[in-house]
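Just so it is clear, none of the values below were taken in a lab; they were calculated from the coordinates. Values in this document were obtained by computation on a predicted structure and should not be read as measured data. Glycine gets a Cβ as well: all are built from the backbone with ideal geometry, and neighbour counts include every protein chain shown.
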Number of protein chains: 2
Amino acid sequence: MDDRAATDLAMLVLRAATEVVDGVQAGMAARGYDDLRPAHGFAFARIAAGDTTVVDLAEHLGTTKQAASQLVAGLVERGYVVREPDPRDARARLLRLTDAGEACTRAAEEAAAEVVAGWGELLPGASLGALHAILRRVVTPGPLRPAW
Amino acid sequence: MDDRAATDLAMLVLRAATEVVDGVQAGMAARGYDDLRPAHGFAFARIAAGDTTVVDLAEHLGTTKQAASQLVAGLVERGYVVREPDPRDARARLLRLTDAGEACTRAAEEAAAEVVAGWGELLPGASLGALHAILRRVVTPGPLRPAW
DNA sequence: CCTTCTAGTCAATTAGATTGACCACATGGT
DNA sequence: ACCATGTGGTCAATCTAATTGACTAGAAGG
């Protein structure tokens, strides 16, 4: 694959990501969640995994702990997240989704699935599975930067 | 493909995009371009295509024309872009890359190709081509949002 | 007990983007 | 030819989200 094709592939990945983000955002708005940005969604995904502190979140989002702290403050204000004491460390606060937060997470997953389903209609047979398999191979774990 | 797998695929796409952006950013810094953000690169790509005005750029980036104008002002200051009169419309200004701008664009393409080449090493045979083919099918043209 | 490191927040500043106002010119109708 | 309306672009003010810096409370280890 020459440079031209490689650059083109990189662009396609970026454009696909933009479609995901915009699609999820639109799907969320359609479900009544119009006060959340994509960064919030990424935070939800991490918090839902459990055992998450503000510092963990900051690493996951690739930002500073202060930025993560502010983000969480907003989510707490809106009732999506609660801060609970960490039984093992009195300094730390474990983050947990409220019922509203879990409902919101499900809505985001539905919206994401819709975008992917739309892709499925454009592709023959098992291509979606192939896409999944290929990406799983190349992608390494790391921060999911909410802003470029 | 169920919701779980679909959500997972969406996440993989986002993570892949983050890898591209971070990789290009690192590659650019390694080549001495440490004063440019990803958004600048997206602007370069559009301007390089030719016949671009500020308003075109704003659409391409999915932002306001004011934001695009400010971005261009920065690029002009740094000597990457010049504004030229549009022979067909005295209001409009056509944007054109300077030699420095073109060199920068080539550097970005090299950096992007490096990222993709890294993926190629993780994949068997023609998978990279398959990835390209699949993405080209699902992706529709549209803004390449530099920020989520 | 003392030093050092880490989790988290508060405060001030900054970078980028947005909204609103505005000018110069284009376009189309009368 | 003229006038109304629409578009390309910039300037200015404001807002948002992030960063840097300083600090407190508690952990960890000698």
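What nm value, rounded to one decimal, do you get for the distance between B:R37 and B:E121 when each label is placed 7 Å out toward the C-beta?
Inter-label distance under the simple model: 3.1 nm.
Given label points at 7 Å from Cα along Cα→Cβ, what nm distances, shortest first, separate B:E59 from the same residue in every other copy?
Copy-to-copy label distances at B:E59, shortest first: 4.5 nm.
What percent does the relative contact order of chain B come to when contacts are Cα pairs within less than 8 Å and at least six residues apart? All intermediate terms of the calculation are to be shown ahead of the outcome.
On the way: 129 pairs, mean separation 40.9, N = 148.
It rounds to 28 percent for chain B.
If we hang a label 7 Å off Cα along the beta carbon direction at B:R78, how far is it from the matching labels on the other copies, in nm, shortest first?
3.2
Exactly which GluC sites (Glu not before Pro) in segment A:62-117 are in a DSSP loop and have at most 10 other Cβ atoms within 10 Å?
Listed in order of number, the matching sites amount to none.
Wrap a convex hull around the Cα atoms of chain B, take a quarter of its surface area, and give that in square nanometres. Provide the component values of the computation, followed by the final result.
Details: hull surface 42.7 nm².
Answer in nm², one decimal: 10.7.
Would you kindly derive the ³J(HN,Hα) couplings of segment A:115-120 from the backbone phi angles with the Karplus curve 6.51 cos²θ - 1.76 cosθ + 1.60 (θ = phi - 60°), listing them in order in whole Hz, with x for Gly and Pro?
My calculation for segment A:115-120 gives 4, 5, 4, x, 5, x Hz in order.
Given H placed on each backbone N at 1.01 Å, which residues far from B:G62 in sequence or on other chains put an amide H within less than 5 Å of it?
Answer set, sorted by chain and number: B:L144.
Enter the angle in degrees (range 0 to 90, nearest 10) between the Cα long axis of helix B:38-48 and the first principal axis of the Cα atoms of chain B, meaning the one along which they spread out most.
The helix B:38-48 is inclined about 70 degrees to chain B.
Quick one: which residues, 5+ away or cross-chain, put their amide H under 5 Å from the amide H of A:V81? H built at 1.01 Å from N.
A:V76, A:T98
Considering every Cα-Cα pair within the protein assembly as shown, what fraction, in whole percent, is farther apart than 34 Å?
Considering the protein assembly as shown, 27 percent of its Cα-Cα pairs are separated by more than 34 Å.
Around A:E121, under 15 Å between beta carbons, what's the net of Lys plus Arg minus Asp minus Glu among the other residues? Present the calculation step by step, with values, prior to reporting the outcome.
Numbers: positive: B:R137; negative: A:E19, A:E114.
Summing Lys/Arg as +1 and Asp/Glu as -1 gives -1.
Among the residues of chain B, which one places its Cβ closest to the rotation axis that maps chain B onto chain A, and what is that distance in whole Å?
With distances in whole Å, chain B gives B:A17, 2.
Placing a label point 7 Å from Cα toward Cβ, how far apart in nm is B:A103 from its equivalents in the other copies, listed shortest first to one decimal?
Label-point separations across copies, in nm and ascending: 5.8.
Can you sort A:L12, A:L75 from fewest to most other Cβ atoms within 10 Å of each residue's own Cβ? Mind showing how you got there, number by number?
On the way: A:L12 19, A:L75 23.
Exposure proxy ranking, most exposed first: A:L12, A:L75.
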